[in-house]
Amino acid sequence: MRMTLGFAGVMLLLPLCIFLWIETDKEIKTQAAFQEAVSEKVDVNNIEANETSFLLDKDGNRFAQGSSGVRLYASDEEMPQFLKDVTVYSEDQNFYDHIGFDAGAIIRAVVKNLVFTHIQQGGSTITQQLARNLYLTQDKTYNRKMTELFYANELEKKLSKDEILSAYLNIIYYSNGVYGVKGASLYYFNKDLSELSKAEMAFLAAIPNNPSKYDPINNFDEAKVRQERLLDILVLEGMLDSEEAETLKAERITIQQYENTDLYPDYAVYVEYELKQLIAQKEGYKDRLNSAKKTSVKEQIYQELDQRTTEVLGSGIYIHTALDPGLQNKTVAAVRQNLPYEGVEGAAVLIDNASREIVGISGGKDYHKYNFNRAYQATRQPGSAIKPLLVYAPYIETFQPFLSQTVNADSLCIQNYCPENYGGIEYGNVSISRAFLLSLNTPAVRLMNETGVENAFKYLNAFDFDHMQPGDQTLAAASGGFTYGMSPLEMTDAFTSFIDGNYAQTHAIRMVTDTSGNVLYEWEDKQIPIWSPQTTTKMRELLNTAAVSGTGSPAYLNKPYIGVKTGTTNDWADYWTVGLTDQYTGGVWVGHDIPENMRNIETNRPAHMIWKDMMR
């Protein structure tokens, strides 16, 4: 009987044993697969945190950040040993003994959390915090905490303790948008790590435990109390003697907060845009865009380019620019002070003739970072400001006439296109010089027609006018009739060809380097001849005449050389003044963001006044 019952019992338990064996085997395989997946995801060769990029002016001074927050990377050699020690005793006293997680700390955390209805304490080691910041979210759930243990253990297998600590110090949050101890040193003390005192190191080590509670800006006293507690711990652990600890506690901690201000937002935003163009040229995106046929393909390439630019900006680069702070301030002030009219906006660009670099930009009269930057984003009809580039220079280059040669300035019609001069006035035969000086329309159309529309546009195509369309190649373009038009930057850039007849696209960026000074990107544009010396001389004479006694005379300045061309579009919707002196080439546009008649301010010559103030 007993044997029968025993046999029956075994038979009944056998399915349960088999079930448990199968489920255990499944769990083991699941955990093994999970561990394998974690191992694959933990890439210790790409563990460096993002870094803040900086924009530098012509003298190498920082004037803007290329990304939000402060993130700076420090090598292990840069980190003082005392800083490492105090951080370990602050965050994870068993750091050098555990395998990624501290079982004792976890048990204490679980006991404490049972008192509450949600997780209050996590018992996280330095390795766990690193794993969380690199690979996981900040959610306070038990599932995330369990996953964190696997990642932490994997990091311990692949990295040494010193490497883990160094990575932690580079990635942990120090409040106020500051990540990494090197960034914290700059942000709170305006110092490099090597310049910190032991008291300052201990103060910084106090922050990561609770960045909000120990925020040095808003809760300085709390941070100071924790700093002193950490120094006491070091005494107990034999890392400091009590006398030195008291000396460090007594040392005055003075916050010298880093000013994360964009001094020249108009210029900084353009530099970020230009960086994208530079990357596109150097890494093949531009060629791919030029060869792409489908809109969907182009959109995908643009997305890739945006992502790549963000990646580069987050890698801790230095963007060296041609920004001249004095000239930038002058450019911005000229636009702001000369446009007191409600709703009327403006933009201006200033280029150095010798270097062909952009030294000043105004994106609007009250520009704020990442707003619409009219200097390079606004495309408007150029009016008569296009005539030097599309009409007169091509005509002179083709025929080499004397400037005294006459041209008919009466009304005309060519293939149903019937332009008129301002006010419908007919002037009879006038010299080329006078036609230019008065900015007459009908002579311009006649000259362009004689040159040939296609031949005239051949010269215009040499410049960086991105929004020109095939349908723009008509006689109407002689007086500024385009589908979209040109930006102030494009117009100013093209006028640099009248410096000496040569042209290379102007840039704000000189070069892009890493933190060690290695050049990552730089423009390699070479100047190409556009106008012959004879044409250049005649065009400079025409521009000078217009500045002295023509439509540009309100902008006249007493300079060794000055040349100006103005433009006004239909219904007084846009005012342009573009020209050059012996030192600079400048361009100004004035108008509403949505075109609107501005005849009521015409006599005030706002574009002239901005140009004059900017160039003086």
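Between Asn416 and Thr310, the simple label model (points 7 Å from Cα in the Cβ direction) yields a spacing of 4.9 nm.
Sorted by accessible area with a 1.4 angstrom probe, largest first, how do Met468, Met79 fall? Mind showing how you got there, number by number?
Values: Met468 40, Met79 10 Å².
In descending accessible area the options line up as Met468, Met79.
Only Cα pairs under 8 Å and 6+ residues apart enter the sum, and on that basis the relative contact order of the range 350-437 stands at 18 percent.
Taking a sphere under 12 Å around the Cβ of Ala64 and counting the other residues whose Cβ falls inside, with K and R at +1 and D and E at -1, yields a net charge of -3.
Count Lys and Arg as plus one, Asp and Glu as minus one, and take only other residues whose Cβ is under 15 Å from that of Gly591; the net charge is then -2. Stretched out straight at 0.36 nm per residue, the stretch from Asn597 to Glu259 would grow longer than its current Cα-Cα span by 117.4 nm. Could you pull out every one of the aspartates and glutamates with an alpha carbon less than 19 Å from that of Lys369, ignoring same-chain neighbours closer than 8 positions? Partners within reach: Asp57, Glu259, Asp262, Asp266, Glu272, Glu274, Asp306, Asp324, Glu345, Asp593. Each DSSP beta bridge with both residues in the chain is either parallel or antiparallel, and the antiparallel ones are about 85%. Long hydrophobic helices in the chain, taken as whole DSSP H segments with a C-alpha length of 30 Å or more on their own axis and mean Kyte-Doolittle hydropathy at least -0.5: 2-41.
Sorting the segments 53-64, 195-206 by their residues' average number of neighbouring beta-carbon atoms within 10 angstrom, most packed first, yields 195-206, 53-64. Most tightly packed first, judged by the mean number of other beta-carbon atoms within 10 Å of their residues, the peptides 228-234, 575-581 read 575-581, 228-234.
Using a probe of 1.4 Å on the protein chains alone, the accessible area found for Arg288 is around 100 Å².
Percent of accessible area on the chain owned by carbon and sulfur, 1.4 Å probe? Percent of accessible area from carbon and sulfur atoms in the chain: 50. Positive end of the dipole of the chain, charges at C-beta (+1 Lys, Arg; -1 Asp, Glu), about the Cα centre: which of Tyr96, Ser362, Asn170 has its Cα farthest in that direction? Selected residue: Ser362. For Ser291, the accessible surface of its heavy atoms amounts to roughly 80 Å² (probe 1.4 Å, protein chains only, rounded to the nearest 10).
Within the shell defined by Cβ-Cβ distances under 12 Å, the residues around Asn429 carry a net charge of 0, with Lys and Arg each +1 and Asp and Glu each -1. Each label point was placed 7 Å from the Cα along the Cα-to-Cβ direction; for Thr398 and Asp514 their separation is 5.3 nm. Around the Cα centre of the chain, unit charges on the Cβ atoms of Lys, Arg, Asp and Glu (plus for the first two, minus for the last two) sum to a dipole of about 1280 debye.
Note on Asp366 and Asn558: the extension gain reaches 66.2 nm, defined as 0.36 nm multiplied by sequence separation minus the Cα-Cα distance. Per residue, the solvent-accessible area of the range 260-419 (1.4 Å probe, heavy atoms of protein chains only, all protein chains present) comes to 43 Å². On a per residue basis, the range 558-616 carries 41 Å² of accessible surface, using protein heavy atoms and a 1.4 Å probe. For the chain, averaging the sequence separation of C-alpha pairs within contact (under 8 Å, six or more residues apart) and dividing by the residue count gives a relative contact order of 13 percent. Computed over the range 510-616, relative contact order equals 18 percent, with contacts defined as Cα pairs under 8 Å that lie 6+ residues apart.
Exceedance of the 32 Å cut-off in Cα-Cα distance is limited, within the set Lys84/Lys158; Lys458/Lys565; Lys294/Lys387; Lys330/Lys387; Lys58/Lys293, to Lys294/Lys387; Lys58/Lys293. Computed with every protein chain present, the accessible area of Lys282 is close to 80 Å² [probe 1.4 Å].
The values are calculated or read from the model by the stated rules, or taken from the named source; none is laboratory data. These numbers were taken from a predicted model, which means no experiment stands behind them. With ideal geometry, Cβ positions are generated from the backbone for all residues, glycine too; neighbour counts draw on all protein chains shown. Surface areas here come from the heavy atoms of the whole protein model, side chains and all, with no ligands, DNA or RNA. Shrake-Rupley method; radii C 1.70, N 1.55, O 1.52, S 1.80 Å.
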